[in-house]
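Asker: Below is the structure I would like to discuss, written out as structure tokens.
The values are calculated or read from the model by the stated rules, or taken from the named source; none is laboratory data. Nothing here was measured: the structure is a model prediction, and the numbers come from that model. Cβ placement follows ideal geometry from the backbone for every residue including glycine, while neighbour counts extend to all protein chains displayed.
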Amino acid sequence: TDELLDGLRARVKAKEITEPAALLDALQEEMASRLRGSDRSLTFEKRGDNEPNVWMFVGVNGVGKTTTIGKLANQQTIAGRSVLLAAGDTFRAAAAEQLGTWAERSGAEFVRGAEGGDPSSVIFDGVERAAAKNLQLVMADTAGRLHNKSNLMEELKKVRRVAEKGAGQVTETLLVIDATTGQNGLIQAREFNEVTDVTGVVLTKLDGSAKGGIVFAIETDLGIPVKLVGIGETIGDLIPFDPDDFVNALFER
């Protein structure tokens, strides 16, 4: 906020901006310009037969990871890709059942393990099955909470290593963040990025009063692009992030 306003104050002082409406326009343009220019496409590499792309989904519990995977799986199957969902969040009760329901809805294959079992082995099994059946894309759900933070981060490092042990290649690691999260969202992004090399952010729950201002801190401080936003509960409510639309919505009054 200070960075944005300092620049505007200097322009007002220099008489570049003299009208209140022009001030708002300048602020809006400055905010949008900070978000333009990032590559927001999802990385899907052309690989050989039996060599699936792996997209990992990370984030704390309750942000909408599993729902995001289901919505994105639906989009990818509609786009003509063969998809497998791997239920690597073995620690949250009913997480696998929830992902299984999304797999049915989206027409994706599904792999799960025992509740409380080793998440890495589920991801490994998912990649192996995808390779054996020549499926193109594995979407891996991961845990959002273990009994302490360092355990969670070590588990995610292991999942990442194991996902690439066989035929798979991790081409996206998407951090899912709740749009209502404030400065804590930046801390989450920093910590997950350190252990999993986050390639993009999915901002969920941008359908109420949440403004999602954490987007600016994550993009400018960490250089991680926001790639998708969740704007509702239904299967189609996951859309590409558009900086101009996002900033316009902030200024609607």
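Asker: Mind telling me which of the residues 105, 129 ends up being crowded, with 17+ Cβ neighbours inside 10 Å, among the basic types (Lys, Arg) and either in contact with a Leu (Cβ under 7 Å, 6 or more places away or on another chain) or within 30 Å of residue 233 (Cβ to Cβ) (or both)?
Answerer: 129 is the lone residue from the list that is crowded, with 17+ Cβ neighbours inside 10 Å, among the basic types (Lys, Arg) and either in contact with a Leu (Cβ under 7 Å, 6 or more places away or on another chain) or within 30 Å of residue 233 (Cβ to Cβ) (or both).
Asker: What is the one condition in (1) modelled with pLDDT of 95 or more; (2) within 16 Å of residue 63 (Cα to Cα) that residue 211 does not satisfy?
Answerer: Failed condition: (1).
Asker: Which of the following residues is at pLDDT below 95 and in contact with an Asp or Glu (Cβ under 7 Å, 6 or more places away or on another chain): 35, 42?
Answerer: Among 35, 42, only 35 is at pLDDT below 95 and in contact with an Asp or Glu (Cβ under 7 Å, 6 or more places away or on another chain).
Asker: Counting only residues that are among the aliphatic types (A, V, I, L, M), touching a strand residue (DSSP E or B) at 6+ places or on another chain (Cβ under 9 Å) and in a loop (DSSP other than H, G, I, E, B), which one in region 13-71 is surrounded by the most Cβ atoms within 10 Å (Cβ to Cβ)?
Answerer: 63
Asker: What do you reckon, is residue 41 under 18 Å from residue 239 (Cβ atoms) and not assigned by TED's automatic domain parsing to the domain that holds residue 128?
Answerer: It is true that residue 41 is under 18 Å from residue 239 (Cβ atoms) and not assigned by TED's automatic domain parsing to the domain that holds residue 128.
Residue-wise test of (1) modelled with pLDDT under 95; (2) of a type in the set (Asp, Glu).
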{"position": "182", "(1), (2)": "yes, no"}
{"position": "185", "(1), (2)": "yes, no"}
{"position": "188", "(1), (2)": "yes, no"}
{"position": "194", "(1), (2)": "yes, yes"}
{"position": "201", "(1), (2)": "no, no"}
{"position": "217", "(1), (2)": "yes, no"}
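Asker: So is residue 159 touching a strand residue (DSSP E or B) at 6+ places or on another chain (Cβ under 6 Å) and farther than 20 Å from residue 4 by Cβ or not?
Answerer: No; evaluated as a whole, the condition is false for this residue.
Asker: Answer yes or no as to whether residue 29 is more than 15 Å from residue 227 (Cβ to Cβ) and touching a residue at least 24 places away in the same chain (Cβ under 8 Å).
Answerer: For residue 29, the condition - more than 15 Å from residue 227 (Cβ to Cβ) and touching a residue at least 24 places away in the same chain (Cβ under 8 Å) - is not met.
Asker: Can you list residue pairs whose Cβ atoms sit under 9 Å apart, with the first residue in region 49-69 being within 11 Å of residue 86 (Cβ to Cβ) and in contact (Cβ under 8 Å) with a residue 40 or more places away in the chain and the second being part of a helix (DSSP H, G or I) and charged (D, E, K, R)? Count only pairs 6 or more apart in sequence or on different chains.
Answerer: If the second residue must be part of a helix (DSSP H, G or I) and charged (D, E, K, R), the pairs left are 56/160; 57/65.
Asker: So which residues in region 205-241 are surrounded by 15 or more Cβ atoms within 10 Å (Cβ to Cβ) and under 13 Å from residue 36 (Cα atoms), if there are any at all?
Answerer: Once the filter is applied, which keeps residues that are surrounded by 15 or more Cβ atoms within 10 Å (Cβ to Cβ) and under 13 Å from residue 36 (Cα atoms), region 205-241 yields 215, 216, 219, 224, 225, 226, 227, 241.
Asker: Confirm whether residue 165 is at pLDDT 90 or above, touching a Pro at 6+ places or on another chain (Cβ under 8 Å) and not acidic (Asp, Glu).
Answerer: no
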